[in-house]
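A.B. asks: Starting off with a structure, shown below.
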Amino acid sequence: MNMASLTLKAITKRFGKVMALSCVDLHVDDGEFCVLLGPSGCGKSTLLNIIAGLILQDEGIVMLDGKSVDRLSPRERDVAMVFQSYALYPHMTVAQNLGFGLRMRGVPKPTIQERVLESTHLLGIEDLLDRKPRELSGGQRQRVAMGRALVRRPRLFLLDEPLSNLDARLRASVRLELKQLHRKIQSTIVYVTHDQVEAMTLGDKVVVMRNGKVHQIDQPETIYARPANTFVARFIGSPEMNLCQGRLLQKDGRSHFQGAGFSLDLGGLKPNVGEDEVEVGIRPEDIVIGQSATALRGKVEMISNIGSEKYLHVDLGDVSLTVRAPKEAIFQPGQIILLTIDPDRLHIFHEGLRI
Amino acid sequence: MERTIIRILRIMGLIIFIAIVSFPFYWMIVSSFKSLSEILLKPANLGLDIRKIDFHAYYEVLFEHGFLRYISNSVYVSIVTVVLSVTLATVGGYAVTRLRFRGQKIMSYSILLIYMFPAIVLVIPLYVMFSRVGLRDSINLLILVYLAQTLPVALYMLRSYFQTLPPEMEQAGLIDGCSRLGVIWRIVIPLSAPALASVALYTFMIAWNEFLFAFMFLDTPEKFTLSRGVVQLAGSVHLSKQLVMAASVMVTIPILILFLFFERRLVQGLTAGAMKG
């Protein structure tokens with residue numbers, strides 16, 4: 001397939017006084033699966049519409065294969081989009097819906113037919129061709145919407161929360177299919193979602209956004225392991241990372257973290273911010289339950305059992321930490337336990353940014 | 001108990017209402033099938049003797065009083081008004097709903113402003129104006145006036161309908177390779193069929209039934225529309241009731257048929273199934 005790379009340079013967009021996007025830079029390689037992740041209202045859908053050419057940016061450049069497409073209409077950009085609401089044409093059959101884009105581009109009829117069949121085969125919706133959208137289930141509509149994009153063989157796929165209207169079980173299976181599909185057709189995809197599981201499982205590259213700003217662009221593993229700031233740290237991971245306010249202190253040439261109600265020896269870590277207010281973060285699975293030289297004492301407040309594992313909410317005096325425990329472990333609320341935190345697993349943030 | 005009473009009252013109310021509304025219709029139709037002598041002999045007779053049905057009044061009205069001409073005039077005026085009004089309202093309504101341009105808000109809200117002026121206030125200045133320019137006594141002028149009269153409501157109706165159409169569908173159309181006009185033609189219009197039908201019906205009714213402007217602006221009998229023709233007939237020297245009734249039937253029936261025919265389409269929604277659901 002004839003796919004393209006996408007480059008965004010300093011994209012800025014205002015709606016009235018609201019800054020929808022400020023200075024967004026992004027590069028997506030040919031064949032890469034890029035996920036725009038963020039809470040609702042962060043500007044990710046606006047960005048997608050700008051790439052499609054449905055909205056014009058106030059400043060900045062959109063480039064496909066290194067060439068600016070700012071002056072091109074959506075039609076000329078040759079991108080395909082799958083909408084959250086699917087936006088199928090209700091007055092056309094599935095076959096007509098699928099073939100519409102090709103028909104509008106003057107592709108000869110036999111070719112349209114061939115490509116429609118090919119994509120319906122790929123998605124397993126061959127027997128729906130003569131139906132109208134209103135006769136389809138949610139999952140089937142979603143497939144048709146995907147098919148409408150696939151048939152076109154565009155240079156770039158734009159997907160706007162395509163799974164958010166499916167129920168949870170279907171969503172998981174379609175997510176897997178989407179991943180396989182991407183591997184099969186090696187397409188360049190920009191995928192918008194607010195669901196971190198979708199982002200982590202699908203993306204070759206994840207862009208975390210909030211309030212119109214890009215907070216981090218990295219591989220999913222890196223985003224999880226090294227969040228660039230406290231927002232990303234909190235947003236990625238479930239249950240979310242424990243973050244504690246405190247002060248960085250120097251004692252005998254070693255760094256210590258003094259939080260409310262507990263202190264931590266940071267071991268070999270030598271943060272270069274001197275003695276200052278910081279936040280330290282630790283993921284629930286990085287806290288070890290059990291005795292050690294530096295263990296902290298805490299009281300189990302509450303236990304959430306999610307089946308595959310348990311999460312303990314442990315009170316350390318003035319702060320509360322979420323700690324992962326294996327599913328076999330038995331704890332009682334009120335029980336006093338010892339927690340050990342490996343300094344190498346800590347995330348330290350100064351003024352919100354990772355150090 | 002109480003429910004049954006309410007039910008009975010409701011049915012009775014409906015019957016009375018229907019009787020009040022349909023009685024003039026009934027009388028009109030019955031009288032149009034009678035001969036002049038019968039009407040004069042028994043003016044209060046409401047019944048109709050099936051064996052004595054007389055189509056003579058229709059024949060006379062159509063061929064001797066020029067109604068064939070009036071009908072074709074009315075058909076011409078109405079159809080041209082409908083076509084122009086629906087076309088302009090579609091394009092205009094789409095523009096104020098979807099496109100962003102300077103003055104779009106004001107435009108959108110001032111559409112109905114013309115309805116603040118009753119027709120009688122407008123007709124005299126228009127009469128004077130058109131007389132000066134020498135445009136009076138022309139059927140096409142009538143179309144222009146009807147267009148001005150129907151367009152605001154047509155625009156308003158279509159705008160309200162377009163606002164209910166999901167914009168994503170049009171965006172999908174744009175991405176699939178349509179131009180703006182292509183989107184209107186291939187997506188908006190097919191989906192707006194019910195709204196377009198009601199606008200067409202509304203416009204047709206106004207144009208077909210309109211009397212005041214036709215009365216003021218048309219002088220030559222060859223250019224009369226139906227409603228104008230009926231008044232001409234009613235005011236003529238030999239007042240034959242059955243002729244006026246037959247003429248009135250000819251004015252009313254087409255609208256009635258159109259309404260019954262279109263009514264079914266008006267309620268059908270077409271957007272079902274487009275979006276998630």
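A.B. asks: So for chain B, considering every pair of alpha-carbon atoms, how many percent are separated by more than 28 Å?
C.D. replies: 53 percent
A.B. asks: Just want the answer: with Cβ charges of +1 for Lys and Arg and -1 for Asp and Glu, which residue in B:ILE120, B:LEU62, B:ASN45 is farthest toward the dipole's positive end in chain B?
C.D. replies: Projecting each Cα onto the dipole axis, the largest value belongs to B:ILE120.
A.B. asks: How shielded is B:162-174 by partner chains, expressed as the average number of their Cβ atoms within 10 Å of its Cβ atoms?
C.D. replies: The mean count of partner-chain Cβ atoms within 10 Å per residue comes to 5.
A.B. asks: Pick out, from A:LEU102, A:VAL214, A:MET302, the residue whose Cα sits farthest towards the positive end of the charge dipole of chain A, with +1 on the Cβ of Lys and Arg and -1 on the Cβ of Asp and Glu.
C.D. replies: Value computed over the given set: A:LEU102.
A.B. asks: What is the mean number of Cβ atoms from other protein chains located within 10 Å of the Cβ atom of each residue in peptide B:140-147, rounded to a whole number?
C.D. replies: Neighbouring Cβ atoms belonging to other protein chains average 0 per residue here.
A.B. asks: Taking H placed 1.01 Å from N in the peptide plane, check which residues at least 5 places from A:VAL35 or on another chain put their amide H under 5 Å from its amide H.
C.D. replies: Those qualifying (amide H under 5 Å, at least 5 residues apart or on another chain) are A:TYR191, A:ASP204, A:LYS205, A:VAL206, A:VAL207.
A.B. asks: Turning to a different aspect of this structure: Would segment B:10-64 count as rounded, prolate or oblate if I go by the C-alpha gyration tensor, calling it rounded below 1.5 in a/c and otherwise prolate when a/b exceeds b/c, oblate otherwise?
C.D. replies: Prolate shape, in that a/c is at least 1.5 and a/b is the bigger ratio.
A.B. asks: Going from the alpha-carbon gyration tensor of the protein assembly as shown, what semi-axes, largest first and in whole Å, does one get by taking the root of 5 times each eigenvalue?
C.D. replies: 73, 29, 25
A.B. asks: Ok, one more. For segment A:187-199, in order, what is each residue's ³J(HN,Hα) by Karplus, 6.51 cos²θ - 1.76 cosθ + 1.60 with θ = phi - 60°, in whole Hz (x at glycine and Pro)?
C.D. replies: Listing the rounded values in order: 8, 7, 10, 10, 10, 9, 7, 10, 9, 5, 5, 4, 4 Hz.
A.B. asks: For segment A:1-121, report the convex hull volume of the alpha-carbon atoms normalised per residue, in Å³, without decimals.
C.D. replies: Convex hull volume per residue, Cα atoms: 142 Å³.
A.B. asks: How many nm separate the modelled label positions at A:ALA172 and B:THR252, each set 7 Å beyond the Cα in the direction of the Cβ?
C.D. replies: A separation of 6.9 nm, rounded to one decimal place.
A.B. asks: Right, next: For B:SER72 paired with B:ASP137, estimate the spin-label separation in nm (one decimal), with each label point 7 Å from Cα along the Cα-to-Cβ line.
C.D. replies: 2.1 nm
A.B. asks: How would A:ILE337, B:ILE187, B:ILE6 line up from fewest to most surrounding beta-carbon atoms within 10 angstrom?
C.D. replies: B:ILE6, A:ILE337, B:ILE187
A.B. asks: Would you please give the residues with an amide H less than 5 Å from that of A:ASP342, counting only those at least 5 places away or on a separate chain, with H modeled from the backbone geometry?
C.D. replies: Distant-sequence amide H within range of A:ASP342: A:VAL288.
A.B. asks: Taking a point 7 angstrom from the Cα of B:PHE215 along the C-beta vector, which residues in segment B:104-141 have backbone N less than 18 Å away?
C.D. replies: Residues passing the 18 Å test: B:118-128, B:137-138.
A.B. asks: Could you work out the relative contact order of chain B, using alpha carbon pairs under 8 angstrom and six or more residues apart, expressed as a whole percent?
C.D. replies: 31 percent
A.B. asks: Taking neighbour Cβ counts within 10 Å as the exposure measure, how do B:HIS56, B:HIS65, A:HIS256 sort from fewest upward?
C.D. replies: B:HIS56, A:HIS256, B:HIS65
A.B. asks: Okay, moving on. Compute the distance in nm between two label points, each set 7 Å from the Cα along the Cα-to-Cβ direction, one at B:SER35 and one at A:ASP65.
C.D. replies: Rounded to a tenth, the inter-label distance reads 8.8 nm.
A.B. asks: On the principal axes of its Cα set, how long, how wide and how thick is segment A:6-235? Give whole Å, largest value first.
C.D. replies: Projected onto its principal axes, the Cα set of segment A:6-235 covers 51, 41, 31 Å.
A.B. asks: I need the calculated FRET efficiency for the pair A:HIS121 and A:ALA329, taking r as the beta carbon distance and R₀ as 60 Å, to the nearest 0.05. Present the calculation step by step, with values, prior to reporting the outcome.
C.D. replies: On the way: r = 49 Å, r/R0 = 0.82.
So the FRET efficiency works out to roughly 0.75.
A.B. asks: Mind checking Rg over Rh on segment A:185-280, alpha carbons, Kirkwood formula for Rh?
C.D. replies: For segment A:185-280, the value is 1.10.
A.B. asks: Once every DSSP H run of n ≥ 4 in the protein assembly as shown is given -39500 (n - 2.57) and the sum is divided by its residues, what mean residue ellipticity at 222 nm do you get, rounded to the nearest 500 deg cm²/dmol?
C.D. replies: Value at 222 nm, helices only, nearest 500: -14000 deg cm²/dmol.
A.B. asks: Counting other C-beta atoms within 10 Å, which of A:ASP276, A:ASP252, A:ASP265, A:ASP78 has the fewest, and how do the rest follow?
C.D. replies: So the ranking, lowest neighbour count to highest, is A:ASP252, A:ASP276, A:ASP265, A:ASP78.
A.B. asks: For segment A:73-123, list log₁₀ I(q)/I(0) at each q in 0.12, 0.28, 0.29, 0.31 Å⁻¹, using the Debye formula over Cα point scatterers of equal strength and ignoring solvent, two decimals each.
C.D. replies: With no solvent term, the Cα-only Debye profile gives -0.28, -1.28, -1.29, -1.28.
A.B. asks: Please list, ordered by chain and number, the residues whose modelled amide H lies under 5 Å from the amide H of B:THR225; skip anything fewer than 5 residues away on the same chain.
C.D. replies: For B:THR225, no residues qualify.
A.B. asks: Give a residue-ordered list of calculated ³J(HN,Hα) values for segment A:42-47 (Karplus: 6.51 cos²θ - 1.76 cosθ + 1.60, θ = phi - 60°; whole Hz; x for Gly, Pro).
C.D. replies: 8, x, 5, 5, 4, 4
A.B. asks: How high is the FRET efficiency between B:MET107 and A:THR201 when r is their beta carbon distance and R₀ equals 35 Å, given to the nearest 0.05?
C.D. replies: 0.10
A.B. asks: What's the FRET efficiency of A:LEU72 with B:GLU222 using the Cβ-Cβ distance as r and R₀ = 45 Å, to the nearest 0.05?
C.D. replies: Rounded to the nearest 0.05, the efficiency is 0.20.
A.B. asks: Sticking with this one: Partner chain Cβ atoms within 10 Å, averaged over the residues of A:92-102 - can you pull that number for me?
C.D. replies: Numbers: counts 3, 0, 0, 0, 0, 2, 0, 1, 7, 6, 2.
Mean partner shielding for this stretch: 2.
Bear in mind that the values in this text are calculations on the coordinates, not laboratory data. Fair warning: this is a prediction, and the values are worked out from it, not measured in the lab. As a convention, Cβ positions derive from the backbone with ideal geometry for all residues, glycine included, and neighbour counts pool all protein chains shown.
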